[in-house]
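Data block below; observations after.
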Amino acid sequence: MLARQCHHVYNQSVMKKMRLTPELAYDGLSVEKAIAKRRSERSFSGRTMSLAELSHILHYSSGVTDKRTGFRAAPSAGATYPIEVYPVTNNVEGLTRGIYRYLAASHELELVREGDFRHEMALAALGQRMLIEANVVLVLSAIFQRTQRRYQERAQRYILLEAGHIAQNACLVATSMGLGACAVGAFYDTDFNHVVGVDGREESVLYLVAVGKI
């Protein structure tokens, strides 16, 4: 599916989980105002993002919004949910810098790898400084078989559409909260797969969303 692939996978046998706080209890912009106001923001202030703000973004971009059915904020073909969201935290209060995996079903973060990945991300994305300056970079990857098992040759289309739904949700939620966001498609597949620690075959990075204080 992607031209450049990576075969390296990091050892993820020891992971730490953190339950996220409930979403913020406040009214942001209406959907219509958020759509009208949304622009790609590439400059961020450096102010710290709260864990509650990150929790809010994750819940309303890709979290479970109907506990009875398990349905999520973004539509998914056959509810197969192939997209994994990896928040790479640069400046979030209460979180060590590192790569996390968002566990939508339990609304938790799972630490994949601790460390400062700002410059690695920028290098993998053609030197884009916004990935250094953003508070968090949401890395959207796909585990292809989740959807391919059911939809076969149509799966590629459905997976890409779902990544777009989640990215747009993240941009609109960030705008509603007074934050900046920019969706990023310009990166080297092999290099970004290596940063996150996915193999590029069974799972591969598709899209990035840089989010931060402006």
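The values are calculated or read from the model by the stated rules, or taken from the named source; none is laboratory data. Please read these numbers as outputs of a predicted model, since none were measured by experiment. Backbone-built Cβ (ideal geometry, glycine too); neighbour counts: all protein chains shown.
Some observations on this one:
- Filtered residue count, the range 85-135, keeping only those that are more than 14 Å from the chain's Cα centre (by Cα), farther than 20 Å from residue 19 by Cα and of a type in the set (A, V, I, L, M): 7
- Qualifying residue in the range 155-163 (condition: modelled with pLDDT of 95 or more and under 11 Å from the mean Cα position of the chain (by Cα)): yes
- Index of the failed condition, residue 162 passing every other in (1) closer than 21 Å to residue 122 by Cα; (2) surrounded by 23 or more Cβ atoms within 10 Å (Cβ to Cβ): (1)
- Qualifying residue in the range 168-191 (condition: at positive phi and not in a helix (DSSP H, G or I)): yes
- The range 97-111, residues that are in a strand (DSSP E or B) and among the charged types (D, E, K, R): 101, 108, 110
Quick grid of which residues meet (1) touching a Ser or Thr at 6+ places or on another chain (Cβ under 7 Å); (2) under 29 Å from residue 23 (Cα atoms):
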residue	(1), (2)
155	yes, no
178	no, yes
185	no, yes
195	no, yes
204	yes, yes
207	no, yes
211	no, yes
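- Residue list for the range 34-57, filter: in contact (Cβ under 8 Å) with a residue 60 or more places away in the chain and in a helix (DSSP H, G or I): 34, 35, 37, 53, 54, 56, 57
- Taken over the range 16-33, residues that are part of a helix (DSSP H, G or I), of a type in the set (Asp, Glu) and in contact with a helix residue (DSSP H, G or I) (Cβ under 8 Å, 6 or more places away or on another chain) amount to 0.
- Residue in the range 114-123 that is part of a loop (DSSP other than H, G, I, E, B) and surrounded by fewer than 18 Cβ atoms within 10 Å (Cβ to Cβ) present: yes
Let's see how each residue does on (1) hydroxyl-bearing (Ser, Thr, Tyr); (2) more than 30 Å from residue 27 (Cα to Cα); (3) in contact with a helix residue (DSSP H, G or I) (Cβ under 7 Å, 6 or more places away or on another chain):
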| residue | (1), (2), (3) |
| --- | --- |
| 88 | no, no, yes |
| 92 | no, no, yes |
| 100 | yes, no, no |
| 116 | no, yes, no |
| 140 | no, no, yes |
| 147 | yes, yes, yes |
| 154 | no, yes, no |
| 161 | no, no, no |
| 167 | no, no, no |
